[in-house]
Every structure is written in structure tokens, then in C-alpha cells.
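Below you'll find the structure, written out as C-alpha cells, and then a few comments.
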Amino acid sequence: MFNSFLNTGIIKDKLNDEAFNKLKIYIKNKKNRYNATLAGNISDSFALKDKDDWFLKNVLFSLIDQYSPEDINNIVGHPLTKNCAYALDGFWVNMQNKYEFNPSHCHSGVLSFVVWVEIPSSYKKEKKLKFVRETNVPCPNTFEFTYTNILGSVCQQKYHLEPEDEKTIILFPSKLVHQVYPFYLSNKKRISVSGNIKLDPTKIT
């Protein structure tokens with residue numbers, strides 16, 4: 001009988017119009033710069049405020065529920081003895097110009113997420129660039145996770161970004177290493193919203 005080793009994956013979904021428009025309002029109301037707290041080699045990053053925990057309650061909770069208790073225990077690293085409430089622990093927008101990038105890094109918290117709000121360029125077009133098409137690992141305009149498999153080999157899961165990927169949200173374990181490659185064929189900004197989710201031991205559900 002085949003037995004698969006347990007592993008915790010990611011959750012991918014699309015935001016509905018209400019949630020997407022709510023993010024756009026948050027972005028419009030951005031205030032404080034957030035660059036100094038982030039790994040990104042990006043010109044403009046700003047902190048966001050989730051008013052009344054709307055995005056957490058109406059979007060993130062339903063995605064978090066797709067993880068089993070065993071998944072959460074694996075992510076945390078030990079069994080949870082109390083049902084701690086989830087809370088946002090960092091919420092920001094990245095406004096990325098061409099040539100800018102996010103180096104390999106991980107986040108704080110238990111779970112993290114990214115939402116693509118505007119994707120001005122296309123991987124399919126960018127991979128035709130001369131310096132890209134001559135490589136066997138094309139990755140312009142790409143979001144990438146890095147992890148080890150059961151044999152200890154380093155693996156990547158790539159998401160080649162297209163304009164139609166706008167509204168896509170990915171929820172993933174915060175310690176999962178990831179990076180964002182630059183784009184080259186647009187002078188518009190690539191806009192994404194990210195955040196970290198923690199367990200709050202002061203709030204028991």
C-alpha cells in the first residue's frame with residue numbers, strides 16, 4: 001500500500017469583486033511607508049489598515065479553514081493546547097517598478113498571503129526576451145516558492161504571472177521561502193498586497 005508523507009501546501013483562490021474593491025480602498029488610504037520592515041528591493045511599500053478586521057473576517061478566515069488542525073500544528077511546530085484566535089500581524093502593499101524584485105525570504109507569523117492587484121506585464125511575452133529565451137530557467141514576472149522534498153532536494157514551485165492573474169490570492173505557511181522576480185516590458189507598477197497572520201494567545205475562541 002502506498003503511503004504519502006504528510007506535507008503542508010498552499011491555498012490559491014480568486015477574490016470576489018467586493019473583497020477586491022475593499023483592497024483598492026485600503027490602498028487608496030495608505031499612509032506610512034513600510035520598506036524598512038520588508039525584504040523587497042522595491043521603491044514603494046506602504047502599511048495598510050484592515051478596518052474592523054473586514055478582510056480577515058470575510059476573506060482570510062474561510063481560506064484558513066481549508067487547512068486541517070494537523071496542518072496548523074505542523075506549521076506551528078507543536079500541537080496547540082488552546083484555540084487561539086487568528087489576527088493580522090502586518091498588512092502592506094508593494095508597488096513594484098520594472099527591474100525591482102523581492103529576494104528570497106520568509107515571513108513572521110503562522111500564515112501569510114499575497115494578492116495580485118495589478119499585473120501590467122505578461123510572462124508569456126517576457127520569456128521571449130533574448131536574454132530570457134536563451135536560458136533553461138526562464139522566470140521573469142514570476143512568483144516562486146522554494147522548499148525541500150523528502151529526499152532533501154531543493155525544489156521550486158513557480159507562478160508565472162499574467163494580467164488575468166489579478167485578484168488571485170495565495171495563502172501559505174509564513175516560513176515557506178519565496179521570492180518575486182522582476183518584470184521588464186512595462187513602465188506601469190505591479191501592485192500586490194501581502195500580510196502575515198498570527199495566533200493571538202490573549203484571545204481564545
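Derivation of every value follows stated rules applied to the coordinates shown; laboratory data play no part. Since the structure is predicted, the reported quantities are computational estimates derived from the model, not experimental observations. We place every Cβ from the backbone using ideal geometry, glycine too, and count neighbours over all the protein chains shown.
With 10 Å bins from zero, work out the P(r) of segment 35-139 over every alpha carbon pair and list the percent per bin.
11, 32, 30, 20, 7, 0
Using only the alpha carbons, work out the radius of gyration and Dmax of segment 11-200 in angstrom.
Final numbers for Rg and Dmax: 16.9, 55 Å.
To the nearest 500 deg cm²/dmol, what mean residue ellipticity at 222 nm is calculated for the chain from DSSP H runs of n ≥ 4 alone, each contributing -39,500 (n - 2.57), summed and divided by the residues? Walk me through the numbers on the way to the answer.
Values: 5 runs with 32 residues, N = 205.
Value at 222 nm, helices only, nearest 500: -3500 deg cm²/dmol.
Expressed as a whole number of Å, what is the distance separating the alpha-carbon centroids of segment 58-107 and segment 144-205?
10
So which chymotrypsin sites (Phe, Trp or Tyr not before Pro) in segment 75-123 end up in coil per DSSP with only 11 or fewer other C-beta atoms within 10 Å?
On the way: sites: TYR86, PHE91, TRP92, TYR99, PHE101, PHE113, TRP116, TYR123; in loops: TYR99.
Here the chymotrypsin sites (Phe, Trp or Tyr not before Pro) that fit, given the DSSP loop and packing criteria, are TYR99.
Under 18 Å Cα to Cα from LYS203, which lysines show up? Leave out anything in the same chain fewer than 8 places away.
Cα-Cα hits under 18 Å: LYS57, LYS82.
Which shape class, rounded, prolate or oblate, goes with segment 120-205 when its Cα gyration tensor gives a ≥ b ≥ c as root eigenvalues, a/c under 1.5 marks rounded, and past that a/b bigger than b/c marks prolate?
Details: a/c = 3.46, a/b = 1.52, b/c = 2.27.
Oblate.
Based on the mean of other Cβ atoms within 10 Å per residue, sort peptides 22-29, 42-49 so the most packed one is first.
Details: 22-29: 14.6, 42-49: 17.1.
Ranked by mean Cβ neighbours within 10 Å, highest first: 42-49, 22-29.
Roughly what would the spin-label model give for SER4 and THR146, points 7 Å off Cα along C-beta, in nm?
2.6
Over 29 Å between Cα atoms: which of LYS128/LYS198; LYS127/LYS167; LYS22/LYS125; LYS49/LYS125 fall into that group?
Pairs exceeding 29 Å: LYS128/LYS198; LYS22/LYS125; LYS49/LYS125.
Rank the residues VAL93, VAL132 as a footprinting-exposure proxy: fewest other Cβ atoms within 10 Å of their Cβ go first.
Going from sparsest to densest Cβ surroundings: VAL132, VAL93.
Could you name the aspartates and glutamates whose alpha carbon sits less than 13 Å from that of LYS28, not counting residues in the same chain fewer than 8 places away?
ASP50
Work out from phi, with θ = phi - 60° and the Karplus expression 6.51 cos²θ - 1.76 cosθ + 1.60, the ³J(HN,Hα) of each residue of segment 21-27, listed in order in whole Hz, and give x for Gly and Pro.
Each residue's phi maps through the Karplus curve to give 5, 5, 4, 5, 5, 4, 5 Hz.
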